Amino acid sequence: MRILTIDDNKTITDMISEYLNSCGHNCVVSNDGREGLSLILKQPFDVILLDLTMPKFSGFDIIESLVQTGKIKGQKILVFSADDVKEDEIKKLKDKGVYGSIHKTTDMNTIEKTIRSMADKSS
């Protein structure tokens, strides 16, 4: 699977990319929200792993841009954050087209299983 990981923390994206690539996926990384949005608009990804709390242009901004341009449909976005995101906020994101959410402290194996599950449900 082609997976795009967008997070401003390079240590996190390096770790996720290395793990997902070792599982046989093709993981593309962006450490900048605007660049991540540009990648989403230019090429298809099977799954997008999106940090919500980035400076300057956040995951919330990316989602809103995709909604406004009508490009949210067909995207399989899994949001993640180190902060506790309130349940009503997650519901609003899902209503906009986000697939689900996961906490950054979740182990890599669970993240990979969640990504596989997302792909299986879309088949």
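Of all the residues in the stretch 41-60, those that are touching a helix residue (DSSP H, G or I) at 6+ places or on another chain (Cβ under 6 Å) and charged (D, E, K, R) number 2.
Taken across the stretch 56-65, residues that are within 21 Å of D14 (Cβ to Cβ), in contact with a His (Cβ under 8 Å, 6 or more places away or on another chain), of a type in the set (G, A, S) and surrounded by 14 or more Cβ atoms within 10 Å (Cβ to Cβ) do not occur at all.
For C23, the criteria (1) touching an Asp or Glu at 6+ places or on another chain (Cβ under 8 Å); (2) without any contact (Cβ under 8 Å) to a residue 60 or more places away in the chain hold in every case but one, which is (2). Applying the set (1) over 16 Å from I115 (Cβ atoms); (2) surrounded by fewer than 20 Cβ atoms within 10 Å (Cβ to Cβ); (3) within 14 Å of the chain's Cα centre (by Cα) to I12 leaves exactly one unmet item: (1).
Filtering the stretch 38-55 to residues that are charged (D, E, K, R) and surrounded by fewer than 20 Cβ atoms within 10 Å (Cβ to Cβ) leaves K42, D46. Evaluate the stretch 14-31: report whether one residue or more is over 18 Å from N109 (Cα atoms), acidic (D, E) and modelled with pLDDT of 95 or more. No, because not a single residue in the stretch 14-31 is over 18 Å from N109 (Cα atoms), acidic (D, E) and modelled with pLDDT of 95 or more.
Here the stretch 1-57 is the region considered, the condition is being part of a helix (DSSP H, G or I) and basic (K, R), and the residue that is farthest from I72 (Cα to Cα) is K10. Against the conditions (1) at pLDDT below 95; (2) out of contact with any Gly (no Cβ under 6 Å at 6 or more places or on another chain), M54 satisfies every one except (2). Under the condition of being touching a Gly at 6+ places or on another chain (Cβ under 9 Å) and over 23 Å from V28 (Cα atoms), the residues counted in the stretch 79-92 number 1. Checking every residue in the stretch 66-78 against the condition of being in contact (Cβ under 8 Å) with a residue 40 or more places away in the chain and closer than 23 Å to H25 by Cα gives at least one match. Scanning the stretch 69-105 for residues that are at pLDDT 85 or above, assigned to a loop (DSSP other than H, G, I, E, B) and either of a type in the set (D, E) or surrounded by 13 or more Cβ atoms within 10 Å (Cβ to Cβ) (or both) gives K71, I72, Q75, K76, G97, V98, Y99.
The values are calculated or read from the model by the stated rules, or taken from the named source; none is laboratory data. As the structure is a computational prediction, the values presented were derived from the model and not from experiment. Heads up, the Cβs are rebuilt from the backbone with ideal geometry, glycines too, and the neighbour counts pull from every protein chain shown.
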